[in-house]
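Quick notes on the structure that follows.
The values are calculated or read from the model by the stated rules, or taken from the named source; none is laboratory data. None of these values were measured; they are calculated from a predicted model. Neighbour counts are summed over all protein chains in view; Cβ atoms, including those assigned to glycine, are modelled from backbone coordinates with ideal geometry.
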Amino acid sequence: MEGLSPEEWTAVRLSLKVAFVAMAASLIPGIAIAFLLERGRFWGRQALDVLVHLPLVLPPVVVGWFLLIGFGRRGPIGAFLAEQFGIVFSFRWTGAALACAIMGFPLLVRAIRLSIASVDRKLEDAAGTLGAHPVWVFGVVTLPLILPGIIAGMVLSFAKAMGEFGATITFVSSIPGETQTIPSAIYAYTQVPGGEGGAMRLTLVSIVISIAALWVSEWLARRVRRRVQA
Amino acid sequence: MILDVDIRHRQGGFALEARFQSDGRLTALFGPSGSGKTTIVNAISGLVRPHHGRIAVQGRVLVDTKKNIVVPKHKRRIGYVFQEGRLFPHLNVRHNLLFGRWFTPSGERKASFDHVVDLLGIGHLLDRRPSTLSGGEKQRVAIGRALLADPELLLMDEPLASLDEARKAEIYPYIERLRDESGVPIVLVSHSVAEIARLATSVVVLSEGRVIASGSAAEVLRHTSFFAQSGLTEAGALIEAQVSRHDDVYDLTVLQARAGALSVPRLPHPVGTSLRVRLRARDIILSLKVPEGLSALNVLPGFISSIDPAEGASVDVQLDCGGDPVVARVTRKSVEELGLKPGLPVHAIIKSIAFDPEALGVAGRENM
């Protein structure tokens, strides 16, 4: 079997970039929302919970369609962002990252939220009596203790982004070099005669990346858990 | 005044209404579980916000609901040693100890790290993780962590409750040194009369959310009725005595108190050591004459200073034996038959085994 063609390399690089940006950009909002849902007592918490989980249960095409009408060039949010900040999502790789981030968001939030629930709040009280302002308590006690959950959430978000297809192709289509990630490239290969070789190569790459991500996360989580629990 | 508390708080079906003041270097909050001890220390530390009232520590107002003052817990400078230690699992012992220091302005850092580590004997643990420490070691580190935040008051909520007797015996001397050397006043929550007798300088007795007695340890412990449930059999007089000599033939140690000489089973302390001795009220028999033909070794002459109001069949008879207060718990019937009344000279007979080693604390100066 020969190596990857330049077009295939482009798809791999693009997929990695999109998945990484999607994961990184959703991290801080993910931690914040997880905290709000786990610790917050406010009106509308249930509604927020449902909203965050929608991408998990809706057909990806539906999410893509919502993004298209919301963040498209003529969509209310898309038009505003384009005019005010020059940020354009539609048919750009940034749009693919947005779609991936939203599809992976419920997985990220769930993992972090579980680890927040398992934090012994008495430790936070103890830190308070030692003179730590609540912001510091979060930074030096809570955050280190939930790190394993954050890592797990990041891996899930990254893996989801690597495999995202429906919402991405609906929102930003499949433009080689701009929005054609590995899944859309594989799909494109299956639609043309003689594309089996390319589809197989990209499938193998996709498997290797997924296993590597899993392995790295396990390794990180083991190290962190040793520090947190030992 | 070191501690001035006057609070009302309601939590579910439990109503706390506590008012007391204390100037003691170690104030014990005593009472059965559910009497409100922990709620009070939580209110002092800021973990619980009392519905009404006022709390002041060393003259500084922490809570005054009338004036709408509630100092947040991280600004109170109240050290707290919890029952379960609560060491940070992701930090080693050294960083646990230094935690409070990060949040103390550098001008206000008084406690010396080396001194505290030395005082608590934890120098060999500094690089260990909390999960590798024994229960007793964890509590010593927790005490050190609280001290190094330079608190104005140190709260200890039954810090020894989860430890067995051997581990407790390992920690008592450290708490005694803390009381006598650190200069930080301590509030200790306890439901063990023996523990209080050994450690406290002041005692506040709580029952069902109310303060039923407060004062110096020697004063409060003399009244067995305050210790109705757990402590009835444990209450008694606290007196100070010095080791005067050791008797090798009979394996005894002779202690000298103002009340007289007391023989006890051989103690490890050297001659001259000051000890705090608890004479349990139920272990003391009263006699009008100098007793003869008794196996008890210890007989202290004195006179009756007062007789507490009777409760049921028993009465606490307060004695003055050469300036030392001693209390005997006798039946109402005996009081009548012997014609006991204030001013009457009597002899207090104490069985030598009545000295329990747990209460034989090493007395600091002016502890009593």
Q) Which one of these does B:SER134 not meet: (1) farther than 21 Å from B:GLN58 by Cα; (2) of a type in the set (Ser, Thr, Tyr); (3) within 21 Å of the chain's Cα centre (by Cα)? A) (3)
Q. Residues that are acidic (Asp, Glu): which strands (runs of 3 or more DSSP E) entirely in the stretch B:192-290 hold 1 or more of them?
A. B:236-247
Q: Give me a count of the residues in the stretch A:187-228 that are within 14 Å of chain B (Cβ to nearest Cβ) and either closer than 18 Å to A:SER174 by Cα or in a loop (DSSP other than H, G, I, E, B) (or both).
A: 0
(Q) List the residue pairs whose Cβ atoms are under 9 Å apart, where the first residue sits in the stretch A:106-119 and is modelled with pLDDT of 90 or more, the second is crowded, with 21+ Cβ neighbours inside 10 Å and among the basic types (Lys, Arg), and the two are 6 or more positions apart or on different chains. (A) A:LEU107/A:LYS160; A:LEU108/A:LYS160
Q: Pairs only if they're at least six apart or on different chains, beta carbon under 7 angstrom, first in the stretch B:157-186 and within 19 Å of B:GLY31 (Cβ to Cβ), second modelled with pLDDT under 85; list them, first residue then second.
A: B:LEU160/B:LYS168; B:LEU160/B:ILE171
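Among the helices (runs of 4 or more DSSP H) contained in the stretch B:64-183, which hold 1 or more residues that are buried (at least 18 other Cβ atoms within 10 Å of the Cβ), among the acidic types (Asp, Glu) and more than 10 Å from chain A (Cβ to nearest Cβ)?
On the way: elements: B:93-98, B:113-120, B:135-147, B:165-177.
The qualifying helices (runs of 4 or more DSSP H) are B:135-147, B:165-177.
Is it true that some residue in the stretch B:55-62 is under 27 Å from B:GLY135 (Cβ atoms) and part of a loop (DSSP other than H, G, I, E, B)? First the steps, then the outcome.
Here is the first cut: in the stretch B:55-62, the residues under 27 Å from B:GLY135 (Cβ atoms) are none.
The answer is no, given that none of the residues of the stretch B:55-62 is under 27 Å from B:GLY135 (Cβ atoms) and part of a loop (DSSP other than H, G, I, E, B).
Only one residue in B:VAL63, B:VAL48, B:VAL116, B:VAL41 is under 26 Å from B:LEU16 (Cα atoms) and either acidic (Asp, Glu) or in contact with a Leu (Cβ under 6 Å, 6 or more places away or on another chain) (or both). Which one? Show your work before the answer.
Details: B:VAL63 fails: either acidic (Asp, Glu) or in contact with a Leu (Cβ under 6 Å, 6 or more places away or on another chain) (or both); B:VAL48 fails: either acidic (Asp, Glu) or in contact with a Leu (Cβ under 6 Å, 6 or more places away or on another chain) (or both); B:VAL116 fails: under 26 Å from B:LEU16 (Cα atoms).
Of the residues listed, the single one that is under 26 Å from B:LEU16 (Cα atoms) and either acidic (Asp, Glu) or in contact with a Leu (Cβ under 6 Å, 6 or more places away or on another chain) (or both) is B:VAL41.
Is there a residue being on the phi < 0 side of the Ramachandran plot, at pLDDT below 85 and out of contact with any helix residue (DSSP H, G or I) (no Cβ under 7 Å at 6 or more places or on another chain) anywhere in the stretch B:243-251? I'd like the intermediate steps shown before the answer.
To start, the set of residues in the stretch B:243-251 that are on the phi < 0 side of the Ramachandran plot comprises B:243-250.
From what is left, the residues that are at pLDDT below 85 are none.
No, the conditions are met nowhere in the stretch B:243-251.
Being part of a loop (DSSP other than H, G, I, E, B) and either touching a Lys or Arg at 6+ places or on another chain (Cβ under 6 Å) or crowded, with 21+ Cβ neighbours inside 10 Å (or both) narrows it down to one residue among B:GLY24, B:GLY34; which is it?
On inspection, the qualifying residue turns out to be B:GLY24.
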Q: Please report, ordered by residue number, the helices (runs of 4 or more DSSP H) entirely within the stretch A:85-154 with at least 1 residues that are away from every other protein chain (no Cβ under 14 Å) and buried (at least 20 other Cβ atoms within 10 Å of the Cβ).
A: A:93-117
